1. How far is it, in nm, from the label point at R69 to the one at D281 when both lie 7 Å from their Cα along the line to the Cβ?
2. Dipole of the chain, Cα-centred, from +1 at each Lys and Arg C-beta and -1 at each Asp and Glu C-beta, to the nearest 20 debye?
3. Please go through the range 217-320 and write out the trypsin sites (Lys or Arg not before Pro) that DSSP classes as loop and that have at most 10 other C-beta atoms within 10 Å.
4. Stretched out fully, how many nm does the piece from S200 to A183 gain, at 0.36 nm a residue minus the Cα gap?
5. Using only Cα atoms, locate the centre of the range 115-159 and the centre of the range 1-63, then give the distance between them in Å, rounded to an integer.
6. Considering only T133, A82, G164, whose Cα is most displaced toward the positive end of the charge dipole of the chain, charges sitting on Cβ of Lys, Arg (+1) and Asp, Glu (-1)?
7. Quick check on my link table: of K206/K295; K3/K81; K218/K250; K52/K295; K250/K294, which ones sit more than 19 Å apart, alpha carbon to alpha carbon?
8. Match the structure shown to one of the listed values (1) 17.1, 48; (2) 22.7, 73; (3) 18.3, 53 of Rg and Dmax of the Cα atoms in Å, computed from it, and give that label.
Amino acid sequence: MKKPRIVFMGTPEFAVASLDALVRAGYPVAGVVTAPDRAAGRGRKLRAPAVKEYALSKGLPVLQPEKLRDPDFLRELKALKADLQVVVAFRMLPEVVWAMPPLGTFNLHASLLPQYRGAAPINWALIHGDTETGVTTFLIDHQIDTGNILLQRATTIAPDEDAGALHDRLMQLGADLVVETVAGIESGSVSPKPQQVSDSLRHAPKLTRENCQILWDKPAQQVQNHIRGLSPFPGAWSLLHQGSDVLNAKVYRTRLTSLPAQDRPGNIRVEGNRLFVAAADHQLEVLEIQLEGKKRMPVSDLLNGFSLDKNAEFRSAPVS
């Protein structure tokens, strides 16, 4: 049986694993569609998307449209004569794009749909303290993340796993599922199934400065989940008040303790080279932190060169 001719669409490192898996499996990738190069870093130099760098290393044609409805882009895309389009971590497609190939267009999503539709499913699964997540392939339709499901694979979330570690695991699990989905479409063994919607669904909205702020007046487990769900990127933040100084701080790793929170939420206690912060019910030990103007570091390293007074505390702040 002739393997389907594929156009792959994706941008970040998460998508590279799926593209590489397709190439390694011997599927003919007719072309790759990714975002335009963007200025990044202190020098604001143009930086190519991770998918583009990989595609060029394999000699694959690359398209980088600013607008997906651009007539020139649509002509180039059609000329690739794809049987199937595979989308991983890309933008929303107009119908003129996703309806183009005869076998359709499917997307890989980093959740067990219909749970966590939206931009940040990995982060929100951790923030909500879920113990299971997974990956889903589904056919793209007119709404975001609502198309018929092709395949799913579940995985357990470890109690202390953060967003970075879970991202890497789902990236590989998703890559395997992409290849399995293409094989299923090729053989006709995959049957699309409608998503089962209920009132208990959680969503995965875009991460903002506001929803990344640490609210210390929540239970310690909830605060810990929030922090690990945003580590290492974009990072959960709080304002450190020390005397007249107010410093922005990102907290990357904490440990639950059984110590009762005797002070009001956000109050800090230093014990040797250890730092504890009161939540609503218990104290959390902060293990990794980054103060404004400093690098991310273990708390023990920070306390070797930075003195916290006895009245120091973390406070929430209004976000405009």
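1. Placing both labels 7 Å along Cα→Cβ, they lie 5.1 nm apart.
2. It works out to roughly 820 debye.
3. K295, K310
4. 2.8 nm
5. When both Cα centres are located, 23 Å separates them.
6. Final value for the positive-end residue is A82.
7. Checking Cα-Cα distances, K206/K295; K52/K295 exceed 19 Å.
8. Read-out taken from this structure: (2).
Taken together, the values in this text are just the output of simple stated rules run on the coordinates, not laboratory data. Worth saying up front: this structure is predicted, and the values here are computed from it rather than measured. Note: ideal-geometry Cβ built from the backbone for every residue, glycine included; neighbour counts use all protein chains shown.
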